[in-house]
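The values are calculated or read from the model by the stated rules, or taken from the named source; none is laboratory data. Every value quoted in this text rests on a predicted model; they were computed, and no experiment measured them. Positions of Cβ are generated from backbone atoms using ideal geometry, with glycine treated the same way; all protein chains shown enter the neighbour counts.
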Amino acid sequence: MLRIFDHGIRLCDGLHRREWLRLGGIGLGGLQLGALNAARNSLASSAATAHRRAFGRAKSVIVFGLVGGPPQHETWDPKPLAPSDIRGEFGTIETRTPNLRVGELMPRTALLTDKIAVLRAVVTNDNAHSSSGYQMLTGVPHQPLNQESAVARPPNLAPSMGALLRAVRSRPGELPAAMTIPEHIWNDGNFPWPGQDAGSLGPRFHPWLLHCDPSSPDFSLPGLQLPQDIPPIRFDERHSLLDQLNTSFAAWDQSRVADRLRGESRVAFDLIASSNARRAFQLSAESDSMRDRYGRSRFAQSVLLARRLVEAGVSLVQINWTRIKDQPNQGGWDTHAKHNESLKSLLMPMMDQCFSALLEDLEQRGLLDETLVVWFGEFGRTPRFNANAGRDHWGRVFSLALAGGGIRGGVVHGSSDKHAAEPVDGMVQPRDLIATLFHCLGIPADTVVTDREGRSVPVVHGEVIEAIL
């Protein structure tokens, strides 16, 4: 059998040109129309089956956010045959997937690629953190592109994927549908990226942003515990009084602000009263060996907390990489200087440990099949090193990865050129990634929500990435 494993140009019926070569026992000189039609029908049937099986497979999503710009060359798309000023100083290692090699600084992740789908041709065409990040979080390109230190203002008010999920899954419950930990994403000067909140949908659909440090020995979430001077019976009386006041004033004040405050107060009371919510944040319930397995950094313990939150019913948890003082490049992925040193001493070991721990932990708990994990960054790094031994921003092609929740493991979709500088085939845009995420969550492609002005906002802008389902 002749089979080519990468993915090429799609034909008009949605099949890849290279898939036509996957015809067992048929010589190139003896192709017959009947055999071609049979192969075509078989492939189309397989794709439709995969599409159906993946739809709604995921109950929740964990966005493993390596914000700052993780490099494609040292992770999912190494170029060992490129010149040294492009390939870098690190080699490659085999993985559990035949013919897939990754950067040598990913030894634990390399053992799990049978559960992972790699995207090697993701494109934003935007080299600015905040505007490329806006596109990754919303699926909508920022206007204009390449706008650093951008802030959320018209026309760039598209809702984040977490906000859209809150809008389509708004329901009374103990925990909100979408949370972001352990802090928001910001440029120097504390300029928060646009696209992190609900934008045009309004504040009531903001993902819950929890500023916290789960690595702290005395970690607890402020506000989830009753003050010592308020016994449970007094708390219940206050809750009842608030309900009576809301009912009395509802006829007088129908404003959006009042309605939002009433809704948020209900959620806050639910959180305080909910033993399930309190348990989700009790990292002390985890064994020392489990906490060590993830790593003891703020980001790593946030990854462990994310697993507890999805167990408690949160639909989407986004974990943002946090800066670390007294480290090159502030301990982040924006490696404009000392790129190799930063990767080897800090970034890659921490990432490899907690990412692999998350996938293994979810699988051992029987949760990986229903939890979609997205390895995420806003862009990649330049093919060539700069004068400071760093790699700069690169949105023209980069790599991401997905696992669990309806994703077919052991797959590489798309490819870049010999320098990982431009896409060659299988190009994916952020809107396609988000469309795939919502497909796996069981949200139909034609779903719309209504913004504050009464306008319909489509939840899905892109195409589902069929090749990885």
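Data overview
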read-out: Region 94-135: number of residues that are basic (K, R) and under 19 Å from the mean Cα position of the chain (by Cα); value: 2
read-out: Count - residues of region 435-463 that are surrounded by 20 or more Cβ atoms within 10 Å (Cβ to Cβ) and farther than 21 Å from R204 by Cβ; value: 6
read-out: Qualifying residue in region 333-344 (condition: crowded, with 22+ Cβ neighbours inside 10 Å, under 15 Å from the mean Cα position of the chain (by Cα) and either charged (D, E, K, R) or at pLDDT 95 or above (or both)); value: no
read-out: Residue list for region 92-117, restricted to those being hydrophobic (A, V, I, L, M, F, W, C), closer than 22 Å to A82 by Cβ and surrounded by fewer than 24 Cβ atoms within 10 Å (Cβ to Cβ); value: I93, L100, L105, A110
read-out: Output for region 426-456, where each listed residue is under 14 Å from S399 (Cβ atoms) and part of a strand (DSSP E or B); value: V428
read-out: Of all residues making up region 385-425, the number that are assigned to a loop (DSSP other than H, G, I, E, B) and touching a His at 6+ places or on another chain (Cβ under 8 Å); value: 10
read-out: Any pair with Cβ under 8 angstrom, 6 or more apart, that starts in region 56-67 at a residue that is within 13 Å of A403 (Cα to Cα) and ends at one that is acidic (D, E) and modelled with pLDDT of 95 or more; value: R57/D369; R57/E370; A58/E370; S60/E370
read-out: Residues satisfying the stated conditions in region 191-202, i.e. at pLDDT 95 or above, surrounded by fewer than 24 Cβ atoms within 10 Å (Cβ to Cβ) and not in a loop (DSSP other than H, G, I, E, B); value: P192, S200, L201
read-out: Unique residue being surrounded by fewer than 24 Cβ atoms within 10 Å (Cβ to Cβ), out of contact with any Lys or Arg (no Cβ under 6 Å at 6 or more places or on another chain) and among the aliphatic types (A, V, I, L, M) when the list is M161, M179; value: M179
read-out: Condition met for S315 (closer than 24 Å to Q135 by Cα and either without any contact (Cβ under 8 Å) to a residue 24 or more places away in the chain or in contact with a helix residue (DSSP H, G or I) (Cβ under 9 Å, 6 or more places away or on another chain) (or both)); value: yes
read-out: Among the candidates D326, D352, residue that is free of Cβ contacts under 8 Å to residues at least 40 places away in the same chain and among the acidic types (D, E); value: D326
read-out: Matching entry among G377, G313 (being within 21 Å of the chain's Cα centre (by Cα), under 26 Å from L221 (Cα atoms) and assigned by TED's automatic domain parsing to the domain that holds P70); value: G313
read-out: Per-region count, region 119-147, residues of a type outside the set (G, A, S) and surrounded by 24 or more Cβ atoms within 10 Å (Cβ to Cβ); value: 12
read-out: Per-region count, region 310-351, residues within 24 Å of E104 (Cα to Cα) and part of a helix (DSSP H, G or I); value: 17
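Here's the yes/no breakdown for (1) exposed (fewer than 15 other Cβ atoms within 10 Å of the Cβ); (2) hydrophobic (A, V, I, L, M, F, W, C); (3) at pLDDT 95 or above; (4) not in a helix (DSSP H, G or I):
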{"site": "S220", "(1), (2), (3), (4)": "no, no, no, yes"}
{"site": "P227", "(1), (2), (3), (4)": "yes, no, no, yes"}
{"site": "D243", "(1), (2), (3), (4)": "yes, no, no, no"}
{"site": "D253", "(1), (2), (3), (4)": "yes, no, no, yes"}
{"site": "V267", "(1), (2), (3), (4)": "no, yes, no, no"}
{"site": "A277", "(1), (2), (3), (4)": "no, yes, no, no"}
{"site": "R293", "(1), (2), (3), (4)": "no, no, yes, no"}
{"site": "A300", "(1), (2), (3), (4)": "no, yes, yes, no"}
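Here is a yes/no grid of residues against (1) buried (at least 24 other Cβ atoms within 10 Å of the Cβ); (2) among the acidic types (D, E); (3) modelled with pLDDT under 95:
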{"position": "S356", "(1), (2), (3)": "no, no, no"}
{"position": "E363", "(1), (2), (3)": "no, yes, no"}
{"position": "L367", "(1), (2), (3)": "no, no, no"}
{"position": "A387", "(1), (2), (3)": "no, no, no"}
{"position": "H393", "(1), (2), (3)": "no, no, no"}
{"position": "L402", "(1), (2), (3)": "yes, no, no"}
{"position": "G405", "(1), (2), (3)": "yes, no, no"}
{"position": "G409", "(1), (2), (3)": "no, no, no"}
